[in-house]
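**Student:** This structure is in structure tokens; I'll ask about it shortly.
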Amino acid sequence: MSLEDLEKELYGQRTAKSRQRQTEASPQTSSAPRPALDPWGTEQNKKPTHQSFEEVSQVAATGGKVGKILIWLGAVLLVVLAAIATYYLYQYFTTKDVSITLTVPDHVLVGEVFTARVSFENISNKKLVAPVVSLALPDGVAFSDDTAKRTAQSTIHDLSPQETVQLEYQLLVTGKAQQSYALQAGVSYGYESSSFSNRFEKDTTVTVVAQDSVLGLDVSAPEKTLNGEEFNVDVRYQNNSDHVLASTTLAFSFPQGFQVTGSDTPLNSNTEMAIPTIPAHGTGEAIVSGYMVGKEYSYFTTGVEARTLVGQTPITLAQKTVSISILPSPLAVSITRNNAQGNPDVVYAGSKLTYTVHVQNTGDTPLQGVIAKVIFDGDLFDTTSIQGAGFLNDATHSYTWTAAQIKDLQELAPHATTDISFTIMLKTNPTTAMIQNGSVKIRAQATSPTVAPNVTAKETIGIGQVESRIGGVLGFAQSVYYNEPSTDIKNNGPFPAQVGKETQFTVHWNLSGLGDFSNTVVTATLAPGVSWTGKIKVLGTDATPSYNDRTQQITWKIPALSTAAMAQQLPQLVFQIAFTPSAQYAQNTFDLISQAQLNTTETLSQKQTSVTAPAIISRQITGTGLPEGYYRVLPTQ
């Protein structure tokens with residue numbers, strides 16, 4: 001029986017031919033009575049059209065066999081698929097079986113290079129393709145060859161089964177001691193073409209402990225000091241490693257008001273001391289001397305930081321600070337500039353300054369044999385111009401008074417005060433370095449061999465200081481050329497000038513000096529018969545001039561001028577003018593440009609300054625090779 005026939009049997013839709021085959025196949029018994037004739041077909045019409053119970057049972061039995069076969073085939077298929085999946089899962093897990101380990105020392109020193117070893121082993125039965133090993137570092141740990149790099153990656157050769165690769169990395173801790181740092185090693189790998197095409201990863205993490213610094217540091221200083229009394233900052237250091245420590249720097253941080261007076265090893269810019277080498281487990285000592293001028297009963301801190309260079313990167317090895325309190329000295333000293341105005345006090349090159357030193361005994365013990373002096377800081381002071389009763393020492397840049405000049409200094413009674421005045425000039429032509437220094441300082445000092453009973457100092461000392469900012473100095477000049485010095489602008493026309501013909505000239509505006517200025521404006525007016533050609537050349541600034549043809553006024557506005565910029569290139573403006581003389585100028589001189597006016601504001605003091613440059617007539621034309629009678633207009637030829 002076909003599947004189509006079975007379907008039709010189940011749904012009672014067998015064809016006539018099918019029913020005929022079923023009837024012919026059914027056995028007939030001779031004892032069965034023959035049905036009576038029914039010519040009208042009434043009995044046939046009453047016969048039901050659906051199948052009998054036996055027929056349906058037979059069909060269902062046949063369908064059940066087919067279902068069992070299908071179920072059996074499905075179960076077999078599931079078993080096969082499960083076996084295949086199990087095989088591939090087994091292959092997956094056995095192929096991914098690799099080992100990676102990261103080995104570091106249990107304890108390291110901050111700043112000392114140590115070795116981290118990454119071991120990668122293929123313990124599977126498959127070849128691993130293009131493994132990539134990586135090492136990632138946390139903040140506070142760096143690669144010794146590149147402290148900015150955070151991760152290192154290395155692609156290695158294909159690894160056969162049971163093959164091992166080991167990589168080494170040179171690291172150092174750049175963070176703080178007494179901390180732990182987690183390092184992570186990882187590996188990424190693939191398989192041969194017959195295996196999985198994906199890449200797999202495996203990683204491991206270990207912790208390294210920074211127990212101490214490679215350089216031990218200890219800083220000591222007195223807990224208390226008198227205002228202006230010299231004291232020592234003593235630094236002791238020790239190399240805690242088994243290796244020579246090279247290129248170490250001790251960086252000192254001093255508060256404002258502290259003055260370095262000496263050190264056993266030279267200091268760079270009064271802040272840094274270089275120590276070329278420290279032997280393994282070696283020790284050393286550095287001493288810096290100085291004094292502090294500050295508010296009485298206040299505290300200040302002095303810090304020391306030990307550094308070393310890893311490549312070009314400075315690494316901090318250790319830091320220490322000490323706190324010191326300031327006690328008032330029984331010898332109080334201060335210095336003031338007479339007629340000082342504003343805060344800050346601003347002084348200018350070429351000016352004459354008057355100072356007064358105030359010396360007072362604030363204690364109850366008379367101070368014998370007091371010596372007072374001032375020390376000039378900077379090269380802007382013209383020490384040859386000093387006027388006063390003291391003695392000048394050119395070698396030390398100091399000016400000193402003793403009891404021979406000031407009688408009150410022989411014995412300064414308790415709570416007595418004496419004032420000492422002097423004058424000094426600032427140099428007229430300061431250098432760039434003088435101006436860029438920014439200020440001038442004078443330190444006043446008084447000493448006495450008398451020491452109060454409760455003081456352990458060698459002598460009684462008092463110090464005061466005054467500082468003035470250096471204001472800018474701006475000069476201005478105006479000149480006219482026919483033979484223009486530069487090649488940027490060329491003047492044409494007859495020279496000497498001739499009636500009815502145009503002759504061109506160039507005007508130079510030159511600024512000089514140093515300092516910081518704002519809103520600088522230069523103005524001048526062209527003479528009758530002189531015109532503006534529009535050709536210009538500007539140096540030292542981006543500001544360009546403007547010209548008003550109705551008023552014939554030239555205006556050059558410069559928003560800002562700085563010491564640094566003028567040290568590189570002084571501002572200059574060159575512009576061309578033209579003069580066409582009429583007959584009335586024949587055999588006469590002529591005017592070219594009016595007086596020039598410069599107005600500016602000195603940035604530091606906000607002081608407004610004006611500078612003028614004289615008008616230029618034909619007799620004042622500048623240059624070499626000028627023809628005879630160049631300043632007179634020739635008549636028409």
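**Student:** Of the numbered conditions (1) modelled with pLDDT of 90 or more; (2) over 25 Å from Gln445 (Cβ atoms); (3) among the hydrophobic types (A, V, I, L, M, F, W, C); (4) crowded, with 18+ Cβ neighbours inside 10 Å, Val206 fails exactly one; give the number of that condition.
**Tutor:** (4)
**Student:** In segment 449-565, which strands (runs of 3 or more DSSP E) lie fully inside it and hold 3 or more residues that are among the β-branched types (Val, Ile, Thr)?
**Tutor:** Qualifying strands (runs of 3 or more DSSP E): 460-470, 503-514, 517-525, 530-539, 553-561.
**Student:** Please verify whether segment 583-601 includes one or more residues that are in contact with an Asp or Glu (Cβ under 8 Å, 6 or more places away or on another chain) and crowded, with 18+ Cβ neighbours inside 10 Å.
**Tutor:** Scanning segment 583-601, I find no residue that is in contact with an Asp or Glu (Cβ under 8 Å, 6 or more places away or on another chain) and crowded, with 18+ Cβ neighbours inside 10 Å, so the answer is no.
**Student:** Restricting to segment 291-310, count the residues that are farther than 16 Å from Gln256 by Cα and either buried (at least 18 other Cβ atoms within 10 Å of the Cβ) or small (Gly, Ala, Ser) (or both).
**Tutor:** Selection size over segment 291-310: 5.
**Student:** Output yes when any residue across segment 260-271 is in contact (Cβ under 8 Å) with a residue 40 or more places away in the chain, of a type in the set (A, V, I, L, M, F, W, C) and either buried (at least 18 other Cβ atoms within 10 Å of the Cβ) or outside any strand (DSSP E or B) (or both), and no when none is.
**Tutor:** For segment 260-271, residues in contact (Cβ under 8 Å) with a residue 40 or more places away in the chain, of a type in the set (A, V, I, L, M, F, W, C) and either buried (at least 18 other Cβ atoms within 10 Å of the Cβ) or outside any strand (DSSP E or B) (or both): absent.
**Student:** Does any residue of segment 217-226 turn out to be under 30 Å from Gly140 (Cβ atoms), in contact (Cβ under 8 Å) with a residue 40 or more places away in the chain and exposed (fewer than 13 other Cβ atoms within 10 Å of the Cβ)?
**Tutor:** Checked segment 217-226: at least one residue is under 30 Å from Gly140 (Cβ atoms), in contact (Cβ under 8 Å) with a residue 40 or more places away in the chain and exposed (fewer than 13 other Cβ atoms within 10 Å of the Cβ).
**Student:** Now a separate question. Out of all the residues in segment 285-292, is one or more at pLDDT below 90, within 29 Å of the chain's Cα centre (by Cα) and either under 28 Å from Lys224 (Cβ atoms) or aliphatic (A, V, I, L, M) (or both)?
**Tutor:** no
**Student:** Quick one: in segment 240-259, which of the residues that are in contact (Cβ under 8 Å) with a residue 40 or more places away in the chain and more than 31 Å from the chain's Cα centre (by Cα) is surrounded by the most Cβ atoms within 10 Å (Cβ to Cβ)?
**Tutor:** Asn240
**Student:** Considering every residue within segment 389-408, establish whether at least one is free of Cβ contacts under 8 Å to residues at least 60 places away in the same chain and among the basic types (Lys, Arg).
**Tutor:** Yes, segment 389-408 contains a residue that is free of Cβ contacts under 8 Å to residues at least 60 places away in the same chain and among the basic types (Lys, Arg).
**Student:** What number of residues within segment 272-281 are in a loop (DSSP other than H, G, I, E, B) and polar (S, T, N, Q)?
**Tutor:** Number of matching residues: 0.
**Student:** Filter segment 374-406 down to residues that are part of a loop (DSSP other than H, G, I, E, B) and either polar (S, T, N, Q) or not assigned by TED's automatic domain parsing to the domain that holds Arg443 (or both) and give me whichever is nearest to Thr428 (Cα to Cα).
**Tutor:** Ranking the candidates gives Thr396 first.
**Student:** Let me ask something additional. If you go through segment 557-569 one residue at a time, do you hit one that is touching a helix residue (DSSP H, G or I) at 6+ places or on another chain (Cβ under 8 Å), touching a residue at least 40 places away in the same chain (Cβ under 8 Å), crowded, with 19+ Cβ neighbours inside 10 Å and among the hydrophobic types (A, V, I, L, M, F, W, C)?
**Tutor:** no
**Student:** Inspect segment 449-459 for any residue being more than 28 Å from Gly294 (Cβ to Cβ) and either among the hydroxyl-bearing types (Ser, Thr, Tyr) or touching a helix residue (DSSP H, G or I) at 6+ places or on another chain (Cβ under 8 Å) (or both) and give the result as yes or no.
**Tutor:** So far as segment 449-459 goes, no, none of its residues is more than 28 Å from Gly294 (Cβ to Cβ) and either among the hydroxyl-bearing types (Ser, Thr, Tyr) or touching a helix residue (DSSP H, G or I) at 6+ places or on another chain (Cβ under 8 Å) (or both).
**Student:** Moving to a separate point now. So Ile463 fits all but one of (1) crowded, with 19+ Cβ neighbours inside 10 Å; (2) within 37 Å of the chain's Cα centre (by Cα); (3) among the β-branched types (Val, Ile, Thr); what number is the exception?
**Tutor:** (2)
**Student:** Pick from segment 245-259 the residues that are at pLDDT 90 or above and among the aliphatic types (A, V, I, L, M): which of them is farthest from Asp212 (Cα to Cα)?
**Tutor:** The qualifying residue farthest from Asp212 (Cα to Cα) is Ala251.
**Student:** Here is a further query. Hey, any hits in segment 146-154 for a residue that's at pLDDT 90 or above, in contact with a strand residue (DSSP E or B) (Cβ under 6 Å, 6 or more places away or on another chain), over 30 Å from Pro314 (Cβ atoms) and outside any loop (DSSP other than H, G, I, E, B)?
**Tutor:** No; the residues of segment 146-154 include none that is at pLDDT 90 or above, in contact with a strand residue (DSSP E or B) (Cβ under 6 Å, 6 or more places away or on another chain), over 30 Å from Pro314 (Cβ atoms) and outside any loop (DSSP other than H, G, I, E, B).
**Student:** Output the number of residues of segment 347-373 satisfying the condition of being assigned to a strand (DSSP E or B), of a type in the set (Ser, Thr, Tyr) and touching a Pro at 6+ places or on another chain (Cβ under 8 Å).
**Tutor:** 0
**Student:** Would you be able to say whether some residue in segment 566-573 is assigned to a helix (DSSP H, G or I), assigned by TED's automatic domain parsing to the domain that holds Val538 and either over 31 Å from the mean Cα position of the chain (by Cα) or on the phi > 0 side of the Ramachandran plot (or both)?
**Tutor:** So far as segment 566-573 goes, no, none of its residues is assigned to a helix (DSSP H, G or I), assigned by TED's automatic domain parsing to the domain that holds Val538 and either over 31 Å from the mean Cα position of the chain (by Cα) or on the phi > 0 side of the Ramachandran plot (or both).
**Student:** Here's something else I'd like to know. Given the conditions (1) assigned to a strand (DSSP E or B); (2) at pLDDT below 90, report the number of the one that Ser124 does not fulfil.
**Tutor:** All conditions are met except number (1).
**Student:** Moving on to the next point. Do any residues in segment 442-464 that are among the basic types (Lys, Arg) have Cβ atoms under 7 Å from those of residues that are in a loop (DSSP other than H, G, I, E, B) and modelled with pLDDT of 90 or more, where the two are at least six apart or on different chains, and which pairs are they?
**Tutor:** none
**Student:** Tell me yes or no: at least one residue of segment 582-603 is part of a helix (DSSP H, G or I), over 52 Å from the mean Cα position of the chain (by Cα), small (Gly, Ala, Ser) and closer than 24 Å to Pro545 by Cα.
**Tutor:** No, segment 582-603 has no match at all.
**Student:** Still on this structure, please answer the following. Restricting the search to segment 146-166, which residues are among the aliphatic types (A, V, I, L, M) and more than 44 Å from the chain's Cα centre (by Cα)?
**Tutor:** Residue satisfying the conditions is Leu159 alone.
**Student:** Is there a residue being modelled with pLDDT of 85 or more, more than 14 Å from Gln465 (Cβ to Cβ), surrounded by 18 or more Cβ atoms within 10 Å (Cβ to Cβ) and of a type in the set (A, V, I, L, M) anywhere in segment 351-358?
**Tutor:** Yes, there is a match, as at least one residue in segment 351-358 is modelled with pLDDT of 85 or more, more than 14 Å from Gln465 (Cβ to Cβ), surrounded by 18 or more Cβ atoms within 10 Å (Cβ to Cβ) and of a type in the set (A, V, I, L, M).
**Student:** Please tell me if Asp345 is within 22 Å of Glu296 (Cα to Cα), of a type in the set (Asp, Glu) and touching a residue at least 12 places away in the same chain (Cβ under 8 Å).
**Tutor:** Against the criterion (within 22 Å of Glu296 (Cα to Cα), of a type in the set (Asp, Glu) and touching a residue at least 12 places away in the same chain (Cβ under 8 Å)), Asp345 does not qualify.
The values are calculated or read from the model by the stated rules, or taken from the named source; none is laboratory data. Note that the coordinates shown come from a computational prediction; the quantities given were computed from them, not determined experimentally. As a convention, Cβ positions derive from the backbone with ideal geometry for all residues, glycine included, and neighbour counts pool all protein chains shown.
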